[in-house]
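The values are calculated or read from the model by the stated rules, or taken from the named source; none is laboratory data. Treat the numbers as computed from the prediction; the structure is a model and nothing was measured. Using ideal geometry, Cβ is built from the backbone for each residue, glycine included, and neighbour counts are taken over all protein chains shown. Surface accessibility is based on the protein's heavy atoms, side chains included, excluding ligands, DNA and RNA. Shrake-Rupley method; radii C 1.70, N 1.55, O 1.52, S 1.80 Å.
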Amino acid sequence: MFYKYEDGHGLPHDPLKAIVAPRPIGWISSRSKDGSVNLAPYSFFNMISTRPCLIMFCSEGSKDSVSFIEETGEFAANLVSANLAVAMNATSVTAPRGISEFEYSGLTAADCTMINAPRVAEAFSTLECIVTEIRSPKDRHGNAVAAIMVTGEVVGVHISEEILTDGLVDMTKAQPVSRLGYMDFASVSETFQMFRPRWDVSAG
Ligand SMILES: Cc1cc2nc3c(=O)[nH]c(=O)nc-3n(C[C@H](O)[C@H](O)[C@H](O)COP(=O)(O)O)c2cc1C
């Protein structure tokens, strides 16, 4: 099938988020100026540069995560393992400002090292970030859309020793959870390796 986006898909549910999948989940923790803490999952999340290491998440409309981060310029991105999937989902509740999703979902808020935001103590890794940009992406007509993209530079990295095998991060141990479409999620239980090809000049 093919559909012109503006004409609609004609399917029971929008297929796009099921197509652009699996998406990693950035479990974003932040603290407001007045000291309230916040935690919420964002699957519009990724790493976009290595040196410096930049990560981004995108909020569809302004939510507490964005307003807290606007106030302080700092946030942490925690990564979700399969055993934390239910707790992660619980933190997506639309709780009023001032209610800690850490408490609501029974998670432990630990201090970060380089920034003042809390982190999820149970997470297999946390990236401590300082904000570099907060802006709304534009559509093809140059109009700003309702989404707000937050980019941060990673200044500190926590890794649980439990997910290391011979010094390498072992995703079969971490079992990261990713977002698929609809109500579906996946976690990594198997991996395989490939090596990038080198161009053979003698092959012409
Ligand atoms: C797995 C998962 C991924 C999500 N990804 C996003 C996302 O990328 N962008 C977004 O705006 N909301 C996303 N949400 C919804 C937010 O988590 C939800 O609106 C939450 O209440 C926002 O919290 P906050 O207001 O404390 O920031 C997601 C929810 C779940 C369960």
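Filter segment 67-83 down to residues that are of a type in the set (A, V, I, L, M, F, W, C) and under 13 Å from the mean Cα position of the chain (by Cα) and give me whichever is most open to solvent (accessible area, probe 1.4 Å).
Among those that are of a type in the set (A, V, I, L, M, F, W, C) and under 13 Å from the mean Cα position of the chain (by Cα), it is Leu79.
State which residue pairs qualify: first residue in contact (Cβ under 8 Å) with a residue 60 or more places away in the chain and inside segment 59-74, second residue open to solvent by 40 Å² or more (accessible area, probe 1.4 Å) and within 12 Å of the ligand (Cβ to nearest atom) in any location, beta carbons under 6 Å apart, and separation of 6 or more residues or different chains.
Gly61/Ala146
Being at pLDDT 95 or above, in contact with a strand residue (DSSP E or B) (Cβ under 9 Å, 6 or more places away or on another chain), open to solvent by less than 100 Å² (accessible area, probe 1.4 Å) and of a type in the set (D, E, K, R), is that true of even one residue in segment 178-201?
Checked segment 178-201: at least one residue is at pLDDT 95 or above, in contact with a strand residue (DSSP E or B) (Cβ under 9 Å, 6 or more places away or on another chain), open to solvent by less than 100 Å² (accessible area, probe 1.4 Å) and of a type in the set (D, E, K, R).
Looking at segment 89-170, what strands (runs of 3 or more DSSP E) fall wholly within it and have at least 3 residues that are touching a residue at least 40 places away in the same chain (Cβ under 8 Å) and closer than 23 Å to Asp34 by Cα?
In segment 89-170, 118-120, 125-135, 147-159 are the strands (runs of 3 or more DSSP E) which contain 3 or more residues that are touching a residue at least 40 places away in the same chain (Cβ under 8 Å) and closer than 23 Å to Asp34 by Cα.
Considering every residue within segment 12-29, establish whether at least one is open to solvent by 100 Å² or more (accessible area, probe 1.4 Å), more than 9 Å from the ligand (Cβ to nearest atom) and either closer than 27 Å to Asn116 by Cα or in a loop (DSSP other than H, G, I, E, B) (or both).
Yes, because at least one residue in segment 12-29 is open to solvent by 100 Å² or more (accessible area, probe 1.4 Å), more than 9 Å from the ligand (Cβ to nearest atom) and either closer than 27 Å to Asn116 by Cα or in a loop (DSSP other than H, G, I, E, B) (or both).
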